[in-house]
Amino acid sequence: MKIAVVGTGYVGLVTGAGFSDFGHDVTCIDIDAARISKLRSGDVPFYEPGLHDLIRRNTSLGRLHFTTATSEAVPGAQLVFIAVGTPSSDDGSADLSFVLEAARQIGAALTDFTVVITKSTVPVGTADRVKAALAETAKHEFAVASNPEFLKEGDAVNDFLKPARVVVGADDERAIDLLRDLYRGLLRTNDRIQIMDVRSAELTKYAANCMLATRISFMNELARLCEVTGADIEAVRKGIGSDPRIGNKFLFAGAGFGGSCFPKDLRALRHTARTLGVQLEVVDAAERANERQKRVVGEKLLAHFGADLAGKRIGIWGLAFKPETDDIRESPALVLIDQLLAAGATVIGYDPEAMPNIRAALGDTIELARDAYAAATQVDALVLVTEWHELRDPDLARLRGVMRTPVLVDGRNAWPATDAREAGFTYYAIGRGEPRSLAHH
Ligand code: NAD
């Protein structure tokens, strides 16, 4: 099949490379000329495990191409995917300007009947607006479908190639048949394609992200309760996660969730609901709890050292919004850095992949270290914000040797608490309060 994918971000590039790996002829389009020339010369513009190899293999086999010209890639393609960004507008709604502009460009380039599929995360009802945008410029017939993407950064290639399910929202039989054919290769073991109406497909994506975000916020709230009761959120997590009705995923308490999806998708769903006169109390609460949670690590440091951190050096391990990505969009580390700088501290950070993005976003307001232990050298406290594998099992003796004062704040409950305390550290975590009397409660 001949396919075009508009937008070469995390989703578009993985989608394009993934379909080409199944033998389809795919052209990926981006308006960012620098990004396209990078891709043409074999570079991947961001860090995503496995993506580089997938792109290299399929480019060298001549079935994956890159261009800035929608007008070149769309003619002859049976399927055109829109995978451009849908960032938050000031009022919290999803900004659809990139999606609608892409649709107009696709419309103008059509030369025959084509199925245009929205893979970007878009509010319920967007398909109608995409249809209208296409109709502004199209001189040929088209059908519009929704195919939300559920991949997660850091494991995107794997998720794309082995999806738990594929959701397709469409009412046009030709679109449904083409999408079934396209996904057949990925869904050989059993047919996990779910065909539904377009609006349900659009809403399914928000429902998934808001459900996952709500689980995290729920655990973060319980962690606060653990801290004052002496319970351990890690024990509670295991206790409930082993219940098959609950499952063990997305139950980790921590420094709050960030990233390019959960925060913006929560805001966008709330906005959609509010506009339509529906109050989503649970989603509201999940978002509020997260805003508070992102400040918790900083508050622990302020409680330990006092409000004035002038003269204090604080090391941060992990700056990306989660491990295995260089994406720093809405990363909890950014909130912590703001808090620490506002209190007068000097901040020194380390991340295996995200430091170039941090440098671009923050300039030289913080120091960046060449490795994890350099970021701990002469610090008054070391904080874990993002639990990359290489940061989960610190050499405590080495840390004792290089740190100025032995204070650890484990924002992901990933470090060995007992070992840290035995090694003489003051060790703070999330929801792992020291047992104390509840008699006064
Ligand atoms: P991104 O910001 O990484 O990339 C978007 C790309 O689209 C950019 O390179 C931009 O230059 C390009 N673009 C914008 N307008 C264009 C146009 N008219 N023509 C061609 N290219 C254009 O975005 P992303 O993180 O890949 O997310 C894309 C969409 O997928 C969003 O709606 C997001 O919510 C959704 N999504 C993201 C993830 C994720 O993990 N990142 C997962 C599932 C769904």
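The values are calculated or read from the model by the stated rules, or taken from the named source; none is laboratory data. Please read all numbers here as calculations on a predicted model, not as lab measurements. Heads up, the Cβs are rebuilt from the backbone with ideal geometry, glycines too, and the neighbour counts pull from every protein chain shown.
When VAL168, VAL157 are checked against the criterion of being assigned to a helix (DSSP H, G or I), touching a residue at least 24 places away in the same chain (Cβ under 8 Å), farther than 25 Å from ALA69 by Cα and touching a helix residue (DSSP H, G or I) at 6+ places or on another chain (Cβ under 6 Å), VAL157 stands alone in meeting it. Restricting attention to the stretch 50-64 and to residues that are away from the ligand (no atom under 13 Å from the Cβ) and closer than 14 Å to TYR10 by Cα, the residue that is surrounded by the most Cβ atoms within 10 Å (Cβ to Cβ) turns out to be ILE55.
Residues of the stretch 19-42 that are over 25 Å from LEU96 (Cβ atoms), buried (at least 19 other Cβ atoms within 10 Å of the Cβ) and either within 15 Å of the ligand (Cβ to nearest atom) or hydrophobic (A, V, I, L, M, F, W, C) (or both): LEU39 alone.
Results for (1) surrounded by 16 or more Cβ atoms within 10 Å (Cβ to Cβ); (2) assigned to a helix (DSSP H, G or I); (3) among the basic types (Lys, Arg); (4) in contact (Cβ under 8 Å) with a residue 60 or more places away in the chain, shown as yes or no for each residue.
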| residue | (1), (2), (3), (4) |
| --- | --- |
| VAL130 | yes, yes, no, no |
| GLU136 | no, yes, no, no |
| ALA145 | yes, no, no, no |
| GLU149 | yes, no, no, yes |
| ALA175 | yes, yes, no, yes |
| GLY185 | no, yes, no, yes |
| SER200 | no, yes, no, no |
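When the stretch 394-412 is filtered for residues that are in a helix (DSSP H, G or I) and not small (Gly, Ala, Ser), the ones remaining, listed by number, are LEU396, ARG398, LEU399, ARG400, VAL402. Taking the criterion of being of a type outside the set (D, E, K, R), surrounded by 24 or more Cβ atoms within 10 Å (Cβ to Cβ) and part of a loop (DSSP other than H, G, I, E, B), the residues of the stretch 327-353 that qualify are ILE328, SER331, ALA345. Among the residues of the stretch 1-18, the ones that are away from the ligand (no atom under 15 Å from the Cβ) and either crowded, with 23+ Cβ neighbours inside 10 Å or charged (D, E, K, R) (or both) come to 1 in all.
For (1) more than 8 Å from the ligand (Cβ to nearest atom); (2) crowded, with 24+ Cβ neighbours inside 10 Å; (3) within 18 Å of ILE36 (Cα to Cα), each residue gets a yes or a no:
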residue	(1), (2), (3)
ALA73	yes, yes, yes
GLY76	yes, no, no
PHE81	yes, yes, yes
THR86	no, yes, no
GLY92	yes, no, no
PHE98	no, no, yes
THR111	yes, no, no
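For beta carbons closer than 7 Å, sequence separation of 6+ or different chains, a first residue in the stretch 19-35 that is within 12 Å of VAL6 (Cβ to Cβ) and assigned by TED's automatic domain parsing to the domain that holds ALA102 and a second that is among the polar types (S, T, N, Q) and part of a strand (DSSP E or B), the qualifying pairs are THR27/THR67; ILE29/THR67.
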